[in-house]
Amino acid sequence: MEAVRQGRSPQIWALALALAMPLSGCQSKGGVSEVLDPAAVAAPAGQNAGAGSAQASQSLGTGSAKVTMLLPLSAPGTSGETGRKMLDGAKLAMTDIGNGLLTLTIEDTKGDSAQASKLAVQAITTGSKVVIGPTELPSARHIATLSGSKRPPVLALADNFAGGAGVYAVRLSEADSAAAGAAGLAAKGGKKFVLLVAEGSNASAVEKRVANGLSIYGATLAVTVPYSAGDGGAKAVDQMGSLVDAPDAVIIASGDGSPAPVLAALRSKGIPGKAISVVGTDRWLEHPMDPLFEGAYIATLDPGETGPIADRFRTTYNYPADVNVAYAYDMVALTAGIASAVGPDGFSKQTLENPNGFRGSTGLFRFRADGSSQRSMPFYRIEKGALKLVAKSTSGF
């Protein structure tokens, strides 16, 4: 496997993306980790699918497992660009492993949540074994409210989706990033933590995940202080000082906003310092690197994981693979791998919720019964405006 990881055999590595890898480092008997053998998957001859195009509906592959993928192909702006990148990622995965195993139908949601929900219900009720998508958050949340014991699993690609029973959140969430970052410091001896979290619908999920992640290491979340973007977090920082003495670290989950105002308020209190560290999240990296970020710790996806598919993707589509490409590639490859291992009717909760998890181009991940995902990822410290690796893996679960 090491030779594969170093990129010397990209085709084998591509097939291995659907290989379930035990997070604990040991194989489980009878689990997907044992049966998803890439050597047993007969990949069809490669084909250049060309650049993604905004068609109402298109079909790829000739396999017996019927899968529907919902993407905002013709949506305006960033949403449409993301959808077209995901389509290209899906096409590469089909070429690598899926063409003989899946019949993948791609539907254009046009970036409209109502249309996405309609197409999802259509896929669910017309025989799809798996639905990959949608990217629209309201639609993903709506699908999670639908009942039905025979509903196929949904691998939702929406950002900030918490998951639901049988509707699995694929993308890295701020809650997971915060929990993994806190766990990284707890593993080094940190015991008492404070969480400053932007007010909003995700605040409680972040708090729960961080508290659970810390408990594994015998550490505690001493206090959670929600803050409003309106006051820049200054009030929350003052409250923190009156509620807890000498924490080992302060975690800042800033949501959509920049963490800079909160960091400025902390800096006025001498934080970070020799005794108190700051933990950020992957959402920080959506903003320009600020000098105030210096010294903070962040757990986030490893861009190097996409390396084995990156060259082939660029050659095929003439632009670099990003995380959107990787998420789409992984879900199609995972679906194909399960179809190969246990057949077109093998997409059960037991299979998808295998605690051993899976390895893909976004690293190690697993799905939980509540629909949330958990990821193991590298742990970094921001030094001189760049991410410096501290540990190759931290998870918070």
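The values are calculated or read from the model by the stated rules, or taken from the named source; none is laboratory data. Only a predicted model underlies this, so the values are computations on that prediction, with no experimental measurement involved. Neighbour counts are summed over all protein chains in view; Cβ atoms, including those assigned to glycine, are modelled from backbone coordinates with ideal geometry. Surface accessibility is based on the protein's heavy atoms, side chains included, excluding ligands, DNA and RNA. Shrake-Rupley method; radii C 1.70, N 1.55, O 1.52, S 1.80 Å.
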Expressed per residue, the solvent accessible area of the chain in Å² (1.4 Å probe) is about 40
A chain fully extended from L389 to L243 at 0.36 nm per residue, minus the present Cα-Cα distance, gains in nm 49.3 nm
Reviewing [x] 37, 22, 20; [y] 32, 30, 20; [z] 41, 22, 19, the figure for semi-axes √(5λ) of the Cα gyration tensor in Å actually calculated from this model sits under [x]
Note on the chain: contact order normalised by length, alpha-carbon pairs under 8 Å, 6 or more apart, percent, works out to 21
Set K188/K388; K192/K274; K235/K384, cut-off 19 Å on Cα-Cα distance; pairs above it are K235/K384
Output for the range 244-347: trypsin sites (Lys or Arg not before Pro) sitting in coil per DSSP, at most 10 other Cβ within 10 Å, listed by number, reads K274
tail above 16 Å in the computed P(r) of the range 287-332, as % of all Cα-Cα pairs, reads 51
Out of A198, V225, P259 - ranked by how far each Cα lies towards the positive end of the dipole of the range 174-300, with unit charges on the beta-carbon of charged residues - the top one is V225
Note on the chain, DSSP bridge orientation, antiparallel percent to nearest 5 equals 40
For the range 131-196, the dipole about the Cα centre with charges only on Cβ (Lys and Arg +1, Asp and Glu -1), to the nearest 20 debye, works out at 280
Looking only at lysines whose Cα falls under 19 Å of K129's and that sit 8 or more positions away or on another chain, we get K66, K91, K118, K150, K349
If unit charges are put on Cβ atoms (+1 for Lys and Arg, -1 for Asp and Glu) and the dipole of the chain is taken about its Cα centre, the option from Q239, P272, L185 lying farthest towards the positive end turns out to be L185
In Å, the Kirkwood hydrodynamic radius from C-alpha pairs for the range 249-397 sits at 17.6
Along the dipole axis of the range 291-397 (charges at Cβ: +1 for Lys and Arg, -1 for Asp and Glu; origin at the Cα centre), the most positive-end residue among N354, V390, I309 is V390
Rounded to the nearest 500, the 222 nm mean residue ellipticity computed for the chain from DSSP H runs (n ≥ 4, each -39500 (n - 2.57)) alone is -10000 deg cm²/dmol
Measuring from its Cα centre, the chain shows a charge dipole (+1 at each Lys and Arg Cβ, -1 at each Asp and Glu Cβ) which, in debye to the nearest 20, is 560
For S277, other-chain or 5+-apart residues with amide H closer than 5 Å (H placed, Pro excluded) are A249, V250
Magnitude of the Cβ-charge dipole (Lys and Arg +1, Asp and Glu -1) of the range 174-300 about the Cα centre, nearest 20 debye, reported as 440
Carbon plus sulfur, as percent of the 1.4 Å-probe accessible area of the range 173-316, comes to 53
Relative to the chain, whose Cα atoms define the longest principal axis, helix 234-243 and its Cα axis are tilted in degrees, nearest 10, by 70
Nearest-0.05 FRET efficiency for S64 and R151 at R0 = 25 Å, using Cβ-Cβ distance, is 0.80
Of the convex hull drawn through the C-alpha atoms of the range 212-270, the volume per residue in Å³ is 89
Full extension between K235 and M289 adds, at 0.36 nm per residue less the Cα distance, a length in nm of 17.0 nm
Rounded to the angstrom and largest first, Cα extents along the principal axes for the range 253-315 equal 50, 24, 18
Cα-based Rg then Dmax for the range 174-300, in Å, read 12.7, 35
